[in-house]
Structure formats: C-alpha cells, structure tokens
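Participant: Before I ask anything, let me first share the structure, which is written out below as structure tokens.
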Amino acid sequence: MNPINVDFGFKAKFLFSVGSIYKAPPLMLKIVLTSEESKSDMKSGKGKKLDEEGNCRLVGVAKVDPIDDFLVNSFLAFPTECLAYINAVISISASS
C-alpha cells in the first residue's frame, strides 16, 4: 500500500483565566492540518503520510489574530502565527 495523504480541518477555542480574578475573551483558531508540508512567511513544518499501520504526523500553520484584550495581545505578540503538530493513528474500515 502506498502512503496516503491526510488533510484534517481543526477548529479550537482557547480560554485563558487567572482564577476568578481575570478572564480573557476566547481565542479562536482555525487550521488545516496536513500530512504534506505546511508553510507561511514565518513558520513551516513537514508532516508524514498515513502508513500501513495507520500512523501519520499532521502539521499546520495558522495566523492568530488579535483578540479584544490588550494584555493578551501584548503578552502573546498578536497578530502572529502558530505551528501545530499532531501525531495520529487513523483506522479506516470498509463500509458495508
């Protein structure tokens, strides 16, 4: 079997707080993870195609936009880019 390319759409919402003292607005992230290569002006990474055992490495680069919070934007230097890697095991079954 030849290695198979995998693309995976991923959306996440990150919440940051300091107990009940401080709660930042949610940080939304949309990214396409791929077993190919993902690159932008600032970051890049290379995935690994799905092998016979179902193993693959997915990689993606996404722009992270500022949120409505000066403290978080300053601390994390928004806008910026993030690089994500996920090692995955994917099983494929035939439908009946």
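Quick note: the coordinates plus some simple rules give every number you see, no bench work behind them. Keep in mind the model is a prediction, meaning the values are calculated, not measured. With ideal geometry, Cβ positions are generated from the backbone for all residues, glycine too; neighbour counts draw on all protein chains shown.
Participant: Go through region 44-78 residue by residue and tally those that are touching a Pro at 6+ places or on another chain (Cβ under 8 Å) and among the aromatic types (Phe, Trp, Tyr).
Facilitator: Selection size over region 44-78: 1.
Participant: How about region 17-67: which of its residues are touching a Lys or Arg at 6+ places or on another chain (Cβ under 8 Å), over 23 Å from Pro3 (Cα atoms) and of a type in the set (Gly, Ala, Ser)?
Facilitator: Ser17, Ser40, Ala62
Participant: What residue, among those in region 11-49 that are among the aliphatic types (A, V, I, L, M) and over 11 Å from Gly60 (Cβ atoms), is surrounded by the fewest Cβ atoms within 10 Å (Cβ to Cβ)? Explain how you work it out, then say what you get.
Facilitator: Quick first cut of region 11-49, residues among the aliphatic types (A, V, I, L, M) only: 12, 15, 18, 21, 24, 27-29, 31-33, 42.
Narrowing the set further to residues that are over 11 Å from Gly60 (Cβ atoms) leaves 12, 15, 18, 21, 24, 27-28, 42.
On the way: Ala12: 12, Leu15: 9, Val18: 8, Ile21: 6, Ala24: 17, Leu27: 18, Met28: 12, Met42: 11.
Once the filter is applied, the top-ranked residue is Ile21.
Participant: Looking only at residues in region 68-93 that are more than 16 Å from Ile4 (Cα to Cα) and surrounded by fewer than 10 Cβ atoms within 10 Å (Cβ to Cβ), which one is farthest from the chain's Cα centre (by Cα)?
Facilitator: Step by step, filter region 68-93, then rank; the result is Phe70.
Participant: While we're here: Every residue in region 49-96 that is in a strand (DSSP E or B), of a type in the set (D, E, K, R) and in contact (Cβ under 8 Å) with a residue 40 or more places away in the chain, please. Step through it out loud before you land on a result.
Facilitator: As a first pass, look at region 49-96 and keep what is in a strand (DSSP E or B): 50, 55-64, 80-89.
Narrowing further to those that are of a type in the set (D, E, K, R): 57, 63, 81.
Result: Glu81, single match.
Participant: Now for a separate question. Restricting attention to region 77-92, which residues are farther than 10 Å from Cys56 by Cα, in contact with a strand residue (DSSP E or B) (Cβ under 7 Å, 6 or more places away or on another chain) and not β-branched (Val, Ile, Thr)?
Facilitator: Phe78, Pro79, Glu81, Cys82, Leu83, Ala84, Tyr85
Participant: Count, please, the residues in region 1-10 that happen to be of a type in the set (A, V, I, L, M, F, W, C), part of a strand (DSSP E or B) and loosely packed, with under 11 Cβ neighbours inside 10 Å.
Facilitator: Applying the first criterion (of a type in the set (A, V, I, L, M, F, W, C)) to region 1-10 yields 1, 4, 6, 8, 10.
Now drop any that are not part of a strand (DSSP E or B), which leaves 4, 8, 10.
Filter once more, so that each one left must be loosely packed, with under 11 Cβ neighbours inside 10 Å: none.
Summing the residues that are of a type in the set (A, V, I, L, M, F, W, C), part of a strand (DSSP E or B) and loosely packed, with under 11 Cβ neighbours inside 10 Å in region 1-10 gives 0.
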